[in-house]
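Undergrad: Got a structure for you, questions after.
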Amino acid sequence: QVQLVESGGGLVQAGGSLRLSCAASGGTFSNRAMGWFRQAPGKEREFVGTISWSGDSTYYADSVKGRFTISRDNAKNTVYLQMNSLKPVDMAIYYCALGENTLKLRLGEAEYWGQGTQVTVSS
């Protein structure tokens, strides 16, 4: 049973930074893309960013480009989301996802989802 466990969420002031982590276990993750999504209260879940297995390819939502960075450590089966210059609009539950490739993740077609971690940004 594949499990994705996020950590690193919390409360931060606007302009601050947080780094989320997502550890994968219970399966084989070779050649799998990983990504991040978020869902704010009353809104649909939206794509944040994704990274290929090799780490050579990354894609971001326009709303986070230049502020958020995805990276991964395949030896640890872990993906990270570095979030800088946080804004109140970034406040949401952030979900980690595992998928066949970055294109499918960009379309929201994940094979597995984490349980989410709350990010709160105060103004």
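The values are calculated or read from the model by the stated rules, or taken from the named source; none is laboratory data. Just so it is clear, the structure is predicted and the values come from calculations on it, not from any experiment. We place every Cβ from the backbone using ideal geometry, glycine too, and count neighbours over all the protein chains shown. SASA here: full protein model, heavy atoms, side chains in, ligands and nucleic acids out. Shrake-Rupley method; radii C 1.70, N 1.55, O 1.52, S 1.80 Å.
Undergrad: Which of GLY15, SER25, GLN82 sits farthest toward the positive end of the charge dipole of the chain, with +1 on the Cβ of Lys and Arg and -1 on the Cβ of Asp and Glu?
TA: GLY15
Undergrad: While we're here: Got a number for the accessible area of THR28? Probe 1.4 Å, square angstrom, nearest 10.
TA: Solvent-accessible area, nearest 10 Å²: 110 Å².
Undergrad: Would you kindly derive the ³J(HN,Hα) couplings of region 49-64 from the backbone phi angles with the Karplus curve 6.51 cos²θ - 1.76 cosθ + 1.60 (θ = phi - 60°), listing them in order in whole Hz, with x for Gly and Pro?
TA: x, 8, 9, 6, 4, 6, x, 6, 10, 10, 9, 9, 5, 4, 5, 10
Undergrad: For VAL2 paired with LYS43, estimate the spin-label separation in nm (one decimal), with each label point 7 Å from Cα along the Cα-to-Cβ line.
TA: 2.6 nm
Undergrad: Here is a further query. Run lengths n ≥ 4 of DSSP H only: what is the helix-derived mean residue ellipticity at 222 nm for the chain, with -39500 (n - 2.57) per run over all residues, to the nearest 500? Let's see the in-between values first.
TA: Numbers: 1 runs with 5 residues, N = 123.
Here the helix-only value at 222 nm equals -1000 deg cm²/dmol.
Undergrad: Quote the charge dipole size of the chain about the Cα centre in Debye, to the nearest 20; the model charges only the Cβ of Lys and Arg (+1) and of Asp and Glu (-1).
TA: 200 debye
Undergrad: Between ASP56 and GLU109, with labels modelled 7 Å along Cα→Cβ, what's the label distance in nm to one decimal, could you check?
TA: The modelled label-to-label distance comes out at 2.2 nm.
Undergrad: With the chain treated as a Gaussian network of Cα nodes joined by springs under 10 Å, which of GLY42, GLY108, GLY55 yields the largest mean-square fluctuation?
TA: Taking springs between Cα atoms under 10 Å, the residue moving most is GLY42.
Undergrad: Please identify every one of the GluC sites (Glu not before Pro) in region 2-95 that sits in a loop by DSSP and has no more than 12 other beta carbons within 10 Å of its own beta carbon.
TA: GLU44
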